Amino acid sequence: MRKQELIDRLKMYLLNKGNEWRGQGSFTLFLIRYLENLRIAHDEKYDSWNIMPYLPEIMVAAFEQLRTGSDEETVRFRKMYEGEVGHDVPNITDIGESDMLNQGSAVQTTLGFMLTNVLEGDWIRGEIDAYCNAQKYVLQQTFDKFLRRVYYKGLYEIIDKCKQAGMSGEYGDTCFRTLVTGGRIMFSFTRKIDQKEGGVTVTKDGIEHAEKSVSFVAEDGDPNAFSAGLQSIYCDLITAMSLIEDVINHWPLSPKEQKEAHKVNAKVSLG
């Protein structure tokens, strides 16, 4: 498929289905403009050139231009998009930079569902997910390593036998907390922000946080934690991985030392 054919399909999509999900219509309008202005030398030079393999990176580049562009027309489209969805244009690849739900919605609906309709094939949804959510998958792999080396190696038994909901321990520079509530176990990895960084970090939700943190949630009573997934993140990918690795690297080998490391803490709560 050449660039012009994709533009033509996007225009037809707008006429037929362009407003199924909030944000799709305004982003598609912007995407058409973005593609019309995008110079692709190989597309202009070779009749056999195909735009399809490069769609994920092109979509992300377009989304980033919509989020950060300063020219008058981009600003107009950005306001249109934000008016439809009710929030800022999210950063769709860098975890911790935008609200997780807004990121997920943009990737799944604005891009994934829209392109599935435009291209008449489900394959593109997987390509978009793999490209845009790469950081989330890397972070999940790091947490899965934590499960294998910490949760399966003593932590589950400590939590399961404890009569109190909240527990915590210090592991290197990381404070690790667990909380059993409502049939779930929450795992929270936190680190205080250095005063040189201003003491607090302001996230896109407008709330000031005195800690860098990443948290996961799993079903209570499941020693495998197969359902475990990312719950919240208030830091970048490298920091989040460092927090988890701290606990992995400082987890004691002996059951006695493990019990001494992870203890009851009544102050641990959902707040």
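Observations on the structure shown:
- Y137 vs. criteria at pLDDT 95 or above and open to solvent by less than 20 Å² (accessible area, probe 1.4 Å): no
- For the range 218-245, the tally of residues that are under 15 Å from L155 (Cβ atoms) and open to solvent by less than 50 Å² (accessible area, probe 1.4 Å) stands at 6.
- Filter result for S48 (within 30 Å of C235 (Cβ to Cβ) and open to solvent by 60 Å² or more (accessible area, probe 1.4 Å)): no
- Of all residues in the range 215-240 being of a type in the set (F, W, Y) and not in a strand (DSSP E or B), the one that is nearest to F189 (Cα to Cα): Y234
- Pairs with Cβ under 7 Å, 6+ apart, first in the range 237-257 and farther than 30 Å from N133 by Cβ, second open to solvent by less than 90 Å² (accessible area, probe 1.4 Å) and of a type in the set (K, R): none
- Number of residues in the range 15-40 that are open to solvent by 40 Å² or more (accessible area, probe 1.4 Å), assigned to a helix (DSSP H, G or I), among the hydrophobic types (A, V, I, L, M, F, W, C) and modelled with pLDDT of 90 or more: the value is 1.
- So D144, is it at pLDDT below 95, in a helix (DSSP H, G or I) and either farther than 20 Å from Y234 by Cβ or not charged (D, E, K, R) (or both): no
The values are calculated or read from the model by the stated rules, or taken from the named source; none is laboratory data. The structure presented is a predicted model; accordingly, all values stated were derived computationally and were not measured. Positions of Cβ are backbone-derived with ideal geometry, glycine not excepted, and every protein chain shown enters the neighbour counts. Just so you know, the surface numbers come from the protein's heavy atoms only, side chains and all, with ligands and any DNA or RNA stripped out. Shrake-Rupley method; radii C 1.70, N 1.55, O 1.52, S 1.80 Å.
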